[in-house]
Structures are given as structure tokens and as C-alpha cells.
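Participant: The structure that follows is given in the form of C-alpha cells.
What follows draws every value from the coordinates through simple rules; no lab data is involved. This structure is a prediction, so every number in the text was calculated from the model and none was measured. Counting neighbours? That spans all protein chains shown, and the Cβs are built from the backbone with ideal geometry, glycine included.
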Amino acid sequence: MARSNKPIVWGLFAAGGTVTAFFVPALMVVLGLAVPFGLLSPNDLSFDRVYGIVAHPLGRLILFGFITVSLWHAAHRTRTTVHDLGISNDGITMFICYGVAGLGTVLAAVFLLLL
Amino acid sequence: MSERQITLEVLRYRPESESEPVFQSYSVPCQEEWVVLDALNYIKDNLDRTLSYRWSCHMAVCGSCGMVINDNPMLSCKAFLRDLPDHIRVEPLHNFPIERDLMVELDDFMDKLKSVKPYLIPDQPVAEEDGTYRQSSAQLKKYKPFAMCINCMACYSVCPQYGLNEGFVGPAALALAHRYNVDSRDQGRRAREDVVASNTGIWECTFVGACSEVCPKNVDPAAAIQQTKIASTVDYFKDLLMPGKRDKSGNAKQAAGDGA
Amino acid sequence: MTNPPYIRPIPASWWLRQGRYVRYMIREATCLFIGLHALVLLVGVYRLSQGRDAFDAFLAALWSPAGQVMGAVIVLMAVVHSVTWFNLTPKAMPLWIGDRKVPGWIIVGGHYGGWIVVSAVVLFLAGGLS
């Protein structure tokens with residue numbers, strides 16, 4: 001029996017699971033809810049300020065890593081859950097899930113480079 | 001001693017006359033301190049000699065009498081009637097082919113148990129004249145909880161991945177592999193990885209965690225498997241970055257190259 | 001004529017049979033919302049690259065009533081993800097000090113503590129250090 005190459009996707013899944021567990025709730029509160037609920041002022045999320053943070057080389061790097069591991073976490077868990085639901089054609093599931101995550105990774109890199 | 005009338009609904013499968021299992025009810029006068037196995041023995045002795053099931057020690061060490069009692073896999077010798085309602089449903093373990101009544105086929109489990117090399121693989125075996133392996137109590141503590149398995153297969157019965165995935169090595173066997181991997185006398189982790197870290201090994205596990213909840217011996221297969229995943233992932237990337245350094249312990253490199 | 005050993009079929013609805021499997025499926029389903037959150041970020045970066053007006057339109061959509069509902073659902077499921085993820089850490093990463101195993105609740109508690117600190121820092125920095 002050969003050893004599996006799953007450590008690659010599982011590594012991304014586990015890294016993504018840990019990072020998102022720490023950051024996603026607060027980040028989504030800031031981005032989506034804080035301004036409508038009056039916790040932050042619209043100025044805190046102004047184009048200039050957000051651009052300044054994201055376009056900084058470190059900002060681009062961190063955001064790229066964050067989006068990537070989030071996507072691969074979601075992709076890998078979706079794949080196993082689809083299999084759990086009795087859809088046993090794992091080849092197609094894998095192609096779609098990892099395909100979307102891979103495409104998202106490339107797009108994230110392109111968008112962040114063009115910023 | 002008080003007596004209690006209990007209805008046991010037992011899943012029967014008689015392959016010589018039935019093509020699928022059916023439930024059969026027995027009304028059993030039970031003693032207060034009985035376990036489900038006592039009730040089954042009463043049926044066998046007094047009501048229906050054809051009922052088949054496995055048991056041996058009646059004291060939760062042999063692991064023979066695992067069955068599903070009211071939807072939970074447990075040792076029937078440890079399932080006290082005082083903890084159960086008056087109507088009890090008894091089925092064979094899930095995820096295994098039913099041979100007859102409450103007896104399931106063990107072959108697949110036995111093969112998988114063997115496949116993980118569940119024995120010490122030391123770099124330098126201690127020869128008899130040198131004495132024995134030395135191990136501190138601290139080193140013993142690291143693996144002892146994983147060494148308590150009695151092969152009752154309750155964990156396989158609740159593991160959805162074992163049911164859904166042909167070939168999955170499964171909780172007890174992977175926990176046993178971990179038991180040796182973390183034993184200070186053993187250097188066989190790399191040799192075991194050919195099975196343990198294959199596509200039908202640890203990577204089929206999705207950490208449902210049910211195995212650890214039902215274990216009558218408090219082994220924690222779910223923990224063992226996640227720890228093995230982390231160790232195997234580290235090994236995988238080490239091999240990727242430093243190829244050639246791999247077969248330091250055992251025959252791992254050669255066997256992995258075979259691919260079979 | 002003897003029939004072969006009987007294999008009980010597993011229906012696709014197997015996970016509805018027991019509470020533990022339903023809880024497991026809810027845990028696994030959180031990943032869809034982690035993925036959705038990643039897509040929101042991806043679109044956000046894209047709109048940011050298109051300039052001021054595009055980014056403002058992105059924020060307006062995110063802050064519309066429908067966007068707020070989506071945001072709230074993502075936050076809720078992300079919290080479920082965080083809680084279930086951290087609760088399992090002692091099993092995946094047990095800690096030993098000498099020959100003593102660190103109790104699981106300390107490892108879980110440490111993660112919760114880190115989570116609170118991280119969340120506070122993110123909120124604080126978002127407020128422009130004010």
C-alpha cells in the first residue's frame with residue numbers, strides 16, 4: 001500500500017480550520033455588521049483606509065494566505081461531507097471542490113497583485 | 001431479590017431459512033442485578049435454544065459480547081438492566097456482516113488489526129542476555145490508555161466512515177498502531193505508515209468522535225487518529241523537503257516505493 | 001441452501017438516526033459558511049482593485065438588509081466552527097508536562113482565551129486604534 005498524498009490537503013484543511021476559528025467571527029463582524037449596527041463608523045472602512053491596509057505588501061501576503069487556507073478548509077470538508085451524504089463518486093466531488101478552491105487561490109493572487 | 005419482567009426484542013438472522021433479519025420478542029423474568037447477557041442466557045437456557053450470540057468472560061475483559069443495545073454498542077455483560085428501560089432492543093454490531101442472530105463476521109476486523117503491525121519494532125532489539133527493555137512509568141503513561149482495547153468492535157459499529165468506506169482500517173486498529181507508535185521502546189512508526197497513512201488509513205477518518213464515546217475501556221481512538229494525522233503530515237513534508245533521509249528506522253522507504 | 005452473511009444497507013439518511021451524528025453534520029456544515037466568507041473577501045479584494053466607487057458599492061451591498069442577514073449567518077456558523085474546533089484540540093494536540101497530562105479544559109480554555117484576545121485586537125484595530 002502506498003502512502004497517501006492527503007497530507008497536502010489535510011494540512012491546508014487543518015491550518016485553515018485553526019486560523020478561521022480564531023479570526024472569522026471578529027472579521028465578519030467588522031466587515032459586515034459593525035457599521036450597520038453602529039459599532040464602527042463608515043470612515044473606519046473607507047476605501048483609503050482599507051486600501052492602505054490591504055495593499056501594503058504584508059497586507060497582501062497575509063490576506064492571500066488567509067483566503068487560501070479558508071477556501072481549502074471549506075473545500076476539503078465539503079468533499080468529505082458530500083461523501084458522508086452517500087454521494088460516493090469522490091472523483092467528481094474532489095474535482096469540483098478542489099477546483100473551486102484552486103481557482104479561488106489563483107484569483108486571490110491575481111486580484112492582490114493587481115491592487 | 002426483586003424480579004422484573006423485561007421484553008427483549010432481539011434481531012434474529014437464520015441464514016438457512018431467512019434472507020434477511022427479523023426481530024423476535026422474548027419476555028424474560030429478570031433479577032435486579034442482571035446484565036443484558038444474563039437475560040440472553042436465560043432465553044437460551046429456558047425459552048429458545050436456537051438463539052446464537054458470543055460471550056465468554058462475563059466480566060468485561062474478553063470483548064466477545066459486544067452488541068447494539070437500544071441503539072448503542074456495548075458489552076452486554078456490562079449493560080446493567082437497572083440502567084435500561086423495560087423494553088430493550090438487542091441487535092448485532094452495525095457495519096459488519098451478520099453471520100447468525102447476534103454474531104457478526106470478524107474476519108475483516110482481524111485482518112485490519114494485523115495489518116498495522118501491532119507489535120514492538122525496535123531499532124535495536126534487546127537480546128536476551130542484555131536483559132529487558134527499560135521503560136519509565138512516565139513513558140508507560142504515554143501509551144497505556146491506548147493499550148486497553150479488548151477488540152469488542154463497538155467503535156467500528158458507530159463509525160460511519162467504516163460503514164461507508166470499503167477498506168477503512170478503522171478506529172481500534174489505528175488506535176493500536178498509535179499505542180505502539182508512542183511506546184518509547186518502539187521505532188516502527190515509519191514502517192506502520194505504509195498502512196496507517198495510506199488512503200484507507202487515518203485519512204478516511206473525519207473525526208466524528210463516536211468511537212471514543214462508546215468505548216467500554218475508555219480508549220480514545222479519535223484522539224489517537226488525529227495525533228497520528230499530525231505526525232504523519234509532519235513526516236510527509238519532512239520526506240518532501242529532505243528525500244533520502246527517510247528509511248532510518250525500518251523498511252518504510254522500500255515498502256512505500258513498491259506502491260503495492 | 002444457506003444464505004450468505006447479511007449486510008445491512010446504510011441509508012443516505014444515516015446521520016439523522018442519532019443526535020451525535022446530527023451534531024457532527026452541523027459541525028461539518030460550518031465549512032460552507034467559512035467558504036462563503038472567503039468568497040466575500042475575494043469579491044471585496046476584487047472590488048477594491050476596481051477603485052473607490054466599486055468598493056463603496058460592495059460595502060453598500062454587504063450592509064443592505066440581505067447582506068446583513070448573510071453576515072449574521074456567517075458569523076453564527078463561524079462561531080459554531082470556532083467552538084467545535086477548539087473543543088477538540090485536546091484530543092488532537094495533547095500536552096504533557098513531564099509525566100503529567102495537562103487537563104483538556106486548560107487546553108480548550110487557552111484556545112478560548114486566545115480567541116477572545118484575537119477578536120478584541122481585530123475589533124480594536126478596526127476602530128482605528130481609537
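Participant: Taking residue C:69 as meeting all but one of (1) of a type in the set (Val, Ile, Thr); (2) in contact with a Phe, Trp or Tyr (Cβ under 7 Å, 6 or more places away or on another chain); (3) surrounded by fewer than 18 Cβ atoms within 10 Å (Cβ to Cβ), write down the number of the exception.
Facilitator: (2)
Table: residues versus (1) in a loop (DSSP other than H, G, I, E, B); (2) in contact (Cβ under 8 Å) with a residue 60 or more places away in the chain; (3) not aromatic (Phe, Trp, Tyr).
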{"position": "B:46", "(1), (2), (3)": "no, no, yes"}
{"position": "B:53", "(1), (2), (3)": "yes, no, no"}
{"position": "B:63", "(1), (2), (3)": "yes, yes, yes"}
{"position": "B:90", "(1), (2), (3)": "no, yes, yes"}
{"position": "B:109", "(1), (2), (3)": "no, yes, no"}
{"position": "B:117", "(1), (2), (3)": "yes, yes, yes"}
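Participant: Here's a follow-up. Mind counting the residues in the range C:1-16 that are among the hydroxyl-bearing types (Ser, Thr, Tyr) and either within 14 Å of chain A (Cβ to nearest Cβ) or farther than 21 Å from residue B:12 by Cβ (or both)?
Facilitator: Number of matching residues: 1.
Participant: Looking at the range C:79-130, which of the residues that are of a type in the set (S, T, N, Q) and within 13 Å of chain B (Cβ to nearest Cβ) is surrounded by the fewest Cβ atoms within 10 Å (Cβ to Cβ)?
Facilitator: C:87
Participant: Let me spell it out: the conditions are (1) surrounded by fewer than 23 Cβ atoms within 10 Å (Cβ to Cβ); (2) among the small types (Gly, Ala, Ser); (3) under 12 Å from residue B:9 (Cα atoms), and residue B:63 meets all of them except one. Which number is the exception?
Facilitator: Failing condition for residue B:63: (3).
Participant: Here is a further query. Scan the range C:50-73 and give yes if some residue there is in contact (Cβ under 8 Å) with a residue 24 or more places away in the chain and within 9 Å of chain A (Cβ to nearest Cβ), otherwise no.
Facilitator: yes
Table: residues versus (1) hydrophobic (A, V, I, L, M, F, W, C); (2) assigned to a helix (DSSP H, G or I); (3) facing another protein chain (nearest Cβ under 7 Å); (4) in contact with a Cys (Cβ under 8 Å, 6 or more places away or on another chain).
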position: A:7; (1), (2), (3), (4): no, yes, yes, no
position: A:48; (1), (2), (3), (4): no, yes, no, no
position: A:70; (1), (2), (3), (4): no, yes, yes, no
position: A:73; (1), (2), (3), (4): no, yes, yes, yes
position: A:101; (1), (2), (3), (4): yes, yes, no, no
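Participant: Restricting attention to the range B:26-44, report how many residues are more than 29 Å from the chain's Cα centre (by Cα) and not in a loop (DSSP other than H, G, I, E, B).
Facilitator: Counting residues in the range B:26-44 that are more than 29 Å from the chain's Cα centre (by Cα) and not in a loop (DSSP other than H, G, I, E, B) gives 6.
Participant: Inspect all residues belonging to the range C:17-30 and state whether any of them is over 18 Å from the mean Cα position of the chain (by Cα), outside any helix (DSSP H, G or I), more than 7 Å from chain A (Cβ to nearest Cβ) and of a type in the set (S, T, N, Q).
Facilitator: The answer is yes, given that some residue of the range C:17-30 is over 18 Å from the mean Cα position of the chain (by Cα), outside any helix (DSSP H, G or I), more than 7 Å from chain A (Cβ to nearest Cβ) and of a type in the set (S, T, N, Q).
Participant: How many residues does the range B:92-107 contain that are part of a strand (DSSP E or B) and of a type outside the set (A, V, I, L, M, F, W, C)?
Facilitator: The total comes to 2.
Participant: Under 7 Å between Cβ atoms, at least 6 apart or on separate chains: pull out the pairs that start in the range B:95-107 with a residue that is under 17 Å from residue C:9 (Cβ atoms) and end on any residue that is polar (S, T, N, Q) and in a helix (DSSP H, G or I).
Facilitator: Partner pairs satisfying both residue conditions: B:95/B:157.
Participant: If we scan the range A:84-104, do we find a residue that is within 13 Å of the chain's Cα centre (by Cα), more than 30 Å from residue C:13 (Cβ to Cβ) and surrounded by fewer than 22 Cβ atoms within 10 Å (Cβ to Cβ)?
Facilitator: yes
Participant: Residues of the range B:186-217 being at the interface with another protein chain (Cβ under 10 Å from one of its Cβ atoms), closer than 16 Å to residue B:173 by Cβ and not hydrophobic (A, V, I, L, M, F, W, C), which ones?
Facilitator: B:193, B:194, B:198, B:199, B:200, B:201, B:204, B:212
Participant: Looking only at the range C:1-15, which residues are over 17 Å from residue B:162 (Cα atoms) and surrounded by fewer than 14 Cβ atoms within 10 Å (Cβ to Cβ)?
Facilitator: C:1, C:2, C:3, C:4
Participant: Here are some residues: A:46, A:70. Which one is of a type in the set (Ser, Thr, Tyr) and more than 30 Å from residue B:225 (Cβ to Cβ)?
Facilitator: Going through A:46, A:70 in turn, the sole match is A:46.
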